[in-house]
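Here is the structure we will look at.
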Amino acid sequence: MTQTQPIGELLRDWRQRRRLSQLDLALDAEISTRHLSFVETGRAQPSRDMILRLAAELEVPLRERNAMLLSAGYAPIFADRPLDDQSLSQARAAIEALLKAHEPFPALAVDRHWHLVTANAGGTALLRGVAPHLLEPPINVLRVSLHPEGAAPWIENLAEWKAHLLHRLRQQFEASADPALLELMEELRGYPAPPPAAPNPGALAVPLIVNGPSGRMSFLSATLLFGSPLDVTLSELAIEIFLPADAETVARLRGASAAPAASQSPRR
């Protein structure tokens with residue numbers, strides 16, 4: 001989807017992607033079905049407010065809302081600034097504080113294409129032993145996770161973890177229509193992995209079980225997003241945190257983080 005498409009086509013494409021009828025969307029946006037039909041076919045030119053209202057009901061990403069506005073001849077209203085922009089200094093500080101507070105457990109921030117933005121010490125430790133060419137910027141954490149020269153050889157439940165990541169990537173593509181995610185998904189599908197086992201009916205979630213240079217550890221993952229962002233960059237930023245799934249992982253990580261401090265403590 002690009003800004004070269006007429007605004008009516010863009011709106012229709014997003015409505016169909018969300019599996020809504022014209023009647024459904026018209027009711028949600030509190031407009032007439034006739035008017036929506038005229039907008040989609042190009043017989044009526046929507047106002048800026050109308051575009052934003054329909055885009056909000058369709059949960060269109062902010063980047064694509066800007067594209068819709070441009071397509072209709074309006075200026076974008078959502079800022080698209082790099083994370084190192086001075087105006088985002090408070091957001092950067094909040095991200096760093098959150099990552100630091102999660103130590104010694106791994107946490108990292110990624111952009112919309114799963115490129116690593118920043119990580120705490122625990123998150124950086126997960127990259128140890130990965131082939132150097134996979135750590136050349138931009139580092140794609142999904143590629144690192146599933147690549148045969150990345151972390152894949154250390155992941156005990158590689159088949160289940162790969163299926164979990166591909167499922168998340170598919171959901172993200174369906175929500176954003178970003179073709180780069182589709183390309184990444186096809187790449188990851190090509191990486192070797194055993195066939196996934198049947199789901200464990202007693203499991204709460206798919207864990208990440210790693211048996212690497214730091215020993216065997218098991219994690220549950222969670223994703224944090226900025227609430228109600230009005231900046232494109234912040235809307236596309238996700239913080240991935242890994243929570244220890246067993247007592248052994250807690251002890252190993254806490255022991256590893258305490259070891260350097262203990263070795264530097266003065267003798268009495």
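The values are calculated or read from the model by the stated rules, or taken from the named source; none is laboratory data. Just so you know, these numbers come straight off a predicted model, no measurement behind them. Cβ coordinates were reconstructed from backbone atoms using ideal geometry, including for glycine residues, and neighbour counts include every protein chain displayed. Just so you know, the surface numbers come from the protein's heavy atoms only, side chains and all, with ligands and any DNA or RNA stripped out. Shrake-Rupley method; radii C 1.70, N 1.55, O 1.52, S 1.80 Å.
Mind telling me which of A79, A197, A238 comes out most flexible in a GNM of the chain, alpha-carbon contacts under 10 Å?
In the Gaussian network model the winner is A197.
Across segment 231-239, in residue order, what do the Karplus-derived ³J(HN,Hα) couplings come to in whole Hz, using 6.51 cos²θ - 1.76 cosθ + 1.60 with θ = phi - 60° and x for Gly and Pro?
Using θ = phi - 60°, the values come out as 10, 4, 4, 5, 5, 9, 8, 10, 10 Hz.
Taking the full set of protein chains and a 1.4 angstrom probe, give the accessible area of E183 in square angstrom, rounded to the nearest 10.
About 130 Å², ignoring ligands and nucleic acids.
When the Cα centres of segment 49-99 and segment 1-46 are compared, how far apart do they sit, in Å?
First find each Cα centre; the distance between them is then 21 Å.
Which distance in nm do the two modelled labels at A121 and Y74 give, with both placed 7 Å along the Cα-to-Cβ direction?
Once both label points are built, they end up 4.9 nm from each other.
Let me cross-check Y191: its accessible surface, 1.4 Å probe, with only protein heavy atoms counted, in Å² to the nearest 10?
30
Binning every alpha carbon pair distance of segment 145-268 at 5 Å from zero, what are the percents per bin?
2, 9, 14, 17, 18, 15, 11, 8, 4, 2, 1, 0, 0
Tally Lys and Arg at +1 and Asp and Glu at -1 over the other residues with C-beta under 13 Å from the C-beta of W114: what net charge comes out?
In short, -3.
Using a 1.4 angstrom probe on the protein heavy atoms only, line up D28, D85 by accessible area, largest first.
Most to least solvent-accessible, the answer reads D28, D85.
Let me have the 222 nm mean residue ellipticity of the chain computed from DSSP H runs of 4+ only, each contributing -39500 (n - 2.57), with the sum over all residues rounded to the nearest 500.
Value at 222 nm, helices only, nearest 500: -14000 deg cm²/dmol.
Counting only DSSP beta bridges with both residues in the chain, tell me the antiparallel percent, nearest 5.
95
Probe 1.4 Å, all protein chains in place: accessible area of E186 in Å², nearest 10?
For E186, solvent-accessible area is about 100 Å².
Stretched out fully, how many nm does the piece from Q16 to L224 gain, at 0.36 nm a residue minus the Cα gap?
Residue separation times 0.36 nm, minus the Cα-Cα distance, leaves 72.1 nm.
Counting only other residues whose beta carbon sits under 15 Å from that of I139, what net charge do I get with K and R as +1, D and E as -1? Could the numbers behind the result be given before it?
Values: positive: R112, R128, R143; negative: D111, E136, E149, E187, E240.
With Lys, Arg at +1 and Asp, Glu at -1, the net is -2.
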